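Just so you know, all these numbers are worked out from the coordinates, no wet-lab data involved. Only a predicted model underlies this, so the values are computations on that prediction, with no experimental measurement involved. Every residue, glycine as well, gets a Cβ built from its backbone with ideal geometry; the counts of neighbours run over all protein chains shown.
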Amino acid sequence: LVMGNIHGNCLNVDSLTRDGSTYRGHGEKDFLSGNDVWFMPVVQKVGPDGCLYVLDWYDRYHCYQDASADPEGVDRGHGRLYRIVHTDTGRPASASLAKVDNSELVNSLMDANVYVRNTAQRLLSERGCKGVTSQLERIVLDRNRSQQDRLHALWSLLGGRALSALTVDKLLSDEDATLRSWAVRAIGNLHSDNAELVRKVVALASDDSVDVQLQVAIAVAKFDSVDALATWITILTNCGEDRLIPHIIWQNLHPHLPAKAEEFLTMVEKVDLEKAPGLAAILGKTAEKLQQ
């Protein structure tokens with residue numbers, strides 16, 4: 001990850017490693033440091049040519065307090081845009097897809113260039129995937145396709161709010177945990193009124209993948225017909241030592257504790273906490289909440 005540091009006049013870099021259902025960042029050597037204290041890198045984007053584009057706000061004031069105190073001192077005329085290139089990187093050919101029809105955009109989802117893929121995905125979503133919904137759903141469900149192809153097709157449908165209940169139902173049993181987790185997320189956002197899909201989501205509380213468990217924990221909070229408390233206990237019993245899931249569940253759980261304290265404690269008593277570190281991780285905060 002490359003992130004502009006407006007106070008340090010530099011571009012920071014972090015590498016990522018998986019950490020259960022989330023990621024852990026590791027600080028790396030800065031990509032660059034400016035020799036001008038006005039350098040304020042506020043946006044960084046990878047362009048269609050693979051180069052890094054950096055938008056420099058370029059101003060003497062780094063914080064709004066200073067700008068508010070001296071609005072006339074704000075420099076409004078000297079922003080800069082940098083294109084950072086690898087040796088001998090040429091200029092890209094036109095990458096505009098604005099006038100491309102939807103069927104051709106579907107093909108662009110498989111392009112080797114991530115900029116092209118993301119742009120095609122955005123345009124399909126903005127157009128509601130009109131005329132290509134069935135084509136995209138076939139890609140999503142094709143297990144012989146790469147995960148990348150399937151996800152771009154799925155994200156296009158989700159962005160266009162065009163993903164059918166039938167397709168998302170099939171994804172819930174997919175071999176790929178990433179696809180299953182996105183199916184759960186889709187149901188929480190688009191199909192929370194479908195009783196059968198909701199039932200299947202709840203059943204995934206004990207899925208082998210913590211990615212799926214995480215999305216179930218978030219989704220059940222959106223289902224009026226579901227006993228979210230029981231589902232959260234199941235997830236906390238099965239998530240092992242995952243760092244994120246207990247935090248997510250706690251944020252959803254604690255507003256309900258005053259009213260459901262007895263029910264919660266009854267469920268906890270039935271669990272071997274030595275085998276459920278996820279549940280054990282929130283008990284200290286639970287005790288504090290109930291004593292308030």
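Observations
- Relative contact order %, the chain, counting alpha carbon pairs below 8 Å whose residues are six or more apart: 10
- For semi-axes √(5λ) of the Cα gyration tensor in Å, calculated from these coordinates, the label among [x] 26, 22, 20; [y] 40, 30, 17; [z] 40, 26, 18: [y]
- Once the Cα-Cα distance is subtracted from the 0.36 nm per residue extended length, the Gln291 to Ser209 segment shows a gain of 26.1 nm.
- Placing unit charges on the Cβ atoms only, positive for Lys and Arg and negative for Asp and Glu, gives the chain a dipole magnitude near 660 debye about its Cα centre.
- Calculated from backbone phi, Karplus (6.51, -1.76, 1.60) coupling profile of segment 144-155 in Hz, x at Gly/Pro: 7, 7, 5, 4, 4, 4, 5, 5, 4, 5, 5, 5
- With θ taken as phi - 60° and the Karplus curve 6.51 cos²θ - 1.76 cosθ + 1.60 applied, the whole-hertz 3J(HN,Hα) list for segment 191-197 is 10, 5, 9, 8, 4, 5, 5 Hz, x standing for glycine and proline.
- Positive dipole terminus of segment 142-262, leading residue within Pro255, Ser164, Leu197 (C-beta point charges): Ser164
- Simple Cβ-charge dipole of segment 143-292, Lys/Arg +1 and Asp/Glu -1, about Cα centre, in debye nearest 20: 440
- Between the alpha-carbon centres of segment 176-213 and segment 80-154 there is a gap of 26 Å.
- Leading residue at positive end of dipole, segment 2-84 (Cβ point charges), from Gly34, Tyr53, Ser21: Ser21
- Per-residue ³J(HN,Hα) for segment 263-278, Karplus 6.51 cos²θ - 1.76 cosθ + 1.60, θ = phi - 60°, Hz, x for Gly and Pro: 4, 4, 5, 5, 5, 4, 4, 8, 9, 7, 5, 5, 9, 9, x, x
- Within segment 173-264, the trypsin sites (Lys or Arg not before Pro) that combine a DSSP coil assignment with at most 15 other C-beta atoms in a 10 angstrom radius are Arg243.
- Selection from Ala287, Trp155, Leu179, by position along the positive dipole direction of segment 133-292 (Cβ): Trp155
- Among the GluC sites (Glu not before Pro) within segment 105-183, those in coil by DSSP and having at most 10 neighbouring Cβ atoms inside 10 Å are Glu175.
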